[in-house]
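The values are calculated or read from the model by the stated rules, or taken from the named source; none is laboratory data. Note that the coordinates shown come from a computational prediction; the quantities given were computed from them, not determined experimentally. Cβ placement follows ideal geometry from the backbone for every residue including glycine, while neighbour counts extend to all protein chains displayed. Note: areas computed on protein heavy atoms with side chains; ligands, DNA, RNA excluded. Shrake-Rupley method; radii C 1.70, N 1.55, O 1.52, S 1.80 Å.
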Amino acid sequence: MFARRIAVIGTGYVGLTTGACLASLGHHVVCADIDPDKIDRLNDGQIDILEPGLPELVAENVAAGRLEFVLGARQAIVRPDEPAVEVVFLCVPTPMGEGGAADLAAVQAVANEVRHLLPKGCVVVNKSTVPVGTAEATRKMLGRRDVSVVSNPEFLREGSAVHDFLHPDRIVVGSDAQDAAERVAALYSKLGAPTQLTDAASAEMVKYAANCFLAMKLSYVNALADLCERLGADVIEVTEGMGYDRRIGQTFLSPGPGWGGSCFPKDTHALLQIAAAAGMDFELVGASLRTNETTRERVVDKVRTAVGGSLAGQRIGLLGLTFKAGTDDLRDSPSLAVAQLLRAEGAELVGYDPACPHDVPGVTDGITVVDDALDAAKDAAALVVLTEWPQFRTLDWTALGGVVGAPVVIDTRNLLDPDVLRRAGFAWIGLGRS
């Protein structure tokens, strides 16, 4: 396989990871964005997102001349002194829109912008998570018979995106043009991963099907934790026994304060809208969303009970604000959703997160964000572990016990060792455990 010339439109989480990793495979990649400040920061070697290995990968490939950052799609595609771009990846946001459907405004805007810029024979790749039928809609928007459109969904986990890209479980490429699908699949040939070539609609559906299944699995284990508490069983022992079954597996069997992040909430709502448009009520997905809300309410119930029955005026220390450990992403964080419910009942909230040392206006409103766990614990009526940061296991719990108002921890991730907490004088309350 020889190196391809690739343009990546969008330098968010998916676009930046895709561009850097494709460059590391030997391709020449030009990444474009409409934000001039972001492009300036990238050209200065500043990476805005917390993603292990990504800053080093970007620096390495920029230095090797395989990776560039430019302002605007035109500069990425129209390169008069260079061979024509062969593949254009669309890595733009598709947030949840009105009614839960995916908002495709960014995809549409880019398609309209680039339709007359694309060289003959170019392949446009939808990398963003988009509803079934978007590849065909994009093809019509482009209005170019000499340009093919391919769906190539990403399966990147925040906090391990570089590893996931370079060591994928599978590569899925969908198109009604076999030659275009094969060209895109060839970009990944060095990875040696199982590759599925399919139609565009099926490829688009794979991403929703996978994410919604995982969301349902998380809702199931959270409901199971509730049942274990009621019956005196230990959810950790139960899920361990389940996980040995190869049909089930060990992953996504840890209870928590609900699921969130940039993908699961919008993808579950989008699949419901896709199903409704097809005349189907996808009850399993709807039930998973309802269970997710109930899980957050259960956490608040535990905190309320721990502080004596009323949260009004109670100072609550929150440990963890991001939606998962290993990332600084606060989007649709279950930690913040729980915080909102606590705040609505009059609690005074102080939060600490290793990746979020300061207030984020419009996101952490109602929470005093501090840069040390001791400050979060000071005079707190209870501490609530909301994100599974491993650093919390090694906190000096004796020191924390010396500053709290009441030594009680609600561990919504079952992250901490109850014996360690008890030796430090804390009452420990987990999920699905006694």
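Ordered from longest to shortest, the equivalent ellipsoid semi-axes for the chain are 43, 24, 19 Å, each the square root of 5 times a Cα gyration tensor eigenvalue. Approximating the spin labels as points 7 Å out from Cα along Cα→Cβ, the A406-to-R145 distance works out to 7.5 nm.
With loop membership from DSSP and a limit of 14 other Cβ atoms within 10 Å, the longest segment of the chain without chymotrypsin sites (Phe, Trp or Tyr not before Pro) is 3-243. If you take all other residues with their beta carbon under 14 Å from the beta carbon of F392, and give Lys and Arg +1 and Asp and Glu -1, the sum is -3. Give me the base-10 log of I(q)/I(0) for segment 293-371 at each q in 0.14, 0.17, 0.23, 0.26 Å⁻¹, Debye formula, one uniform scatterer per Cα, rounded to two decimals. Per q value, in the given order, log10 I(q)/I(0) is -0.41, -0.61, -1.08, -1.30. Taken about its Cα centre, the chain carries a charge dipole of roughly 840 debye when the Cβ of each Lys and Arg holds +1 and the Cβ of each Asp and Glu holds -1. Which trypsin sites (Lys or Arg not before Pro) does segment 197-255 hold that lie in a coil by DSSP with at most 14 other beta carbons within 10 Å? When the trypsin sites (Lys or Arg not before Pro) of segment 197-255 are filtered for loop state and at most 14 Cβ neighbours within 10 Å, R246, R247 remain. Per residue, the chain exposes 44 Å² of accessible surface when a 1.4 Å probe is rolled over the protein heavy atoms with every protein chain present. The value obtained for segment 145-270, namely the Cα convex hull volume divided by the number of residues, is 131 Å³ per residue.
Could you check how much of the accessible area of the chain is carbon and sulfur, as a whole percent, using a 1.4 Å probe? Whole-percent figure for carbon plus sulfur exposure: 52. Given their separation in residues at 0.36 nm each and the Cα-Cα distance between them, K190 and R157 gain 9.8 nm when the chain is fully extended. Kirkwood-type hydrodynamic radius, segment 322-408: 13.3 Å, calculated from all non-identical alpha-carbon pairs.
When the Cα gyration tensor is reduced to axis lengths a ≥ b ≥ c, the ratio a/c is 1.5 or higher for segment 29-164, and with a/b not above b/c it is classed as oblate. Between the alpha-carbon centres of segment 388-410 and segment 284-359 there is a gap of 17 Å.
Let me test this: with uniform point scatterers at the alpha carbons of segment 364-412, what is the Debye-based log₁₀ I(q)/I(0) at q = 0.24 1/Å? Each listed q corresponds, in turn, to -1.00. The helix-only estimate of mean residue ellipticity at 222 nm for the chain, built from DSSP H runs of length n ≥ 4 each weighted as -39500 (n - 2.57), is -12000 deg cm²/dmol after division by the residue total. Which pairs, out of K120/K140; K217/K266; K266/K302; K217/K324; K38/K140, put more than 24 Å between their alpha-carbon atoms? Where the Cα-Cα span goes over 24 Å, the pairs concerned are K266/K302; K38/K140.
Only helices at least 18 Å long along their own axis, judged from Cα atoms, and with Kyte-Doolittle mean hydropathy of -1.0 or greater: name those in the chain from DSSP H. Intermediate results must be reported in sequence, preceding the final value.
Values: long enough: 200-231 (47 Å, 0.61); 264-277 (19 Å, 0.41); 283-306 (34 Å, -0.64).
Helix filter hits for the chain: 200-231, 264-277, 283-306.
When both segment 159-181 and segment 105-141 are represented by their alpha-carbon centers, they are found 18 Å apart. Out of every Cα pair in segment 61-113, what percent are spaced more than 12 Å from each other? Value for segment 61-113 (Cα pairs over 12 Å): 75 percent. Computed over the alpha-carbon atoms, segment 1-86 gives an Rg to Rh ratio of 0.93, Rh here being the Kirkwood radius from the mean inverse distance.
How long is the gain from E182 to R170 if the chain were fully straight, where each residue apart is worth 0.36 nm and the alpha carbon distance is subtracted? Walk me through the intermediate numbers first.
Working: separation 12, 0.36 × 12 = 4.32 nm, distance 1.47 nm.
Separation in residues times 0.36 nm, less the Cα-Cα distance, equals 2.8 nm.
In order along segment 318-333, phi translates into HN-Hα couplings of 9, 10, x, 10, 5, 6, 7, 6, x, 9, 9, 7, 9, 5, 6, 6 Hz, rounded to whole numbers, per the Karplus curve 6.51 cos²θ - 1.76 cosθ + 1.60 with θ = phi - 60° and x for Gly and Pro.
Taking R0 as 22 Å, what's the FRET efficiency between A3 and S202 from their Cβ-Cβ distance, rounded to 0.05? Can you show the working numbers first?
Numbers: r = 29 Å, r/R0 = 1.33.
FRET efficiency, A3 to S202: 0.15.
Calculate, in nm to one decimal, what S310 and E297 gain on full extension: separation in residues at 0.36 nm each, minus their alpha carbon distance.
Numbers: separation 13, 0.36 × 13 = 4.68 nm, distance 1.43 nm.
Taking S310 through E297 to full extension adds about 3.2 nm, to one decimal.
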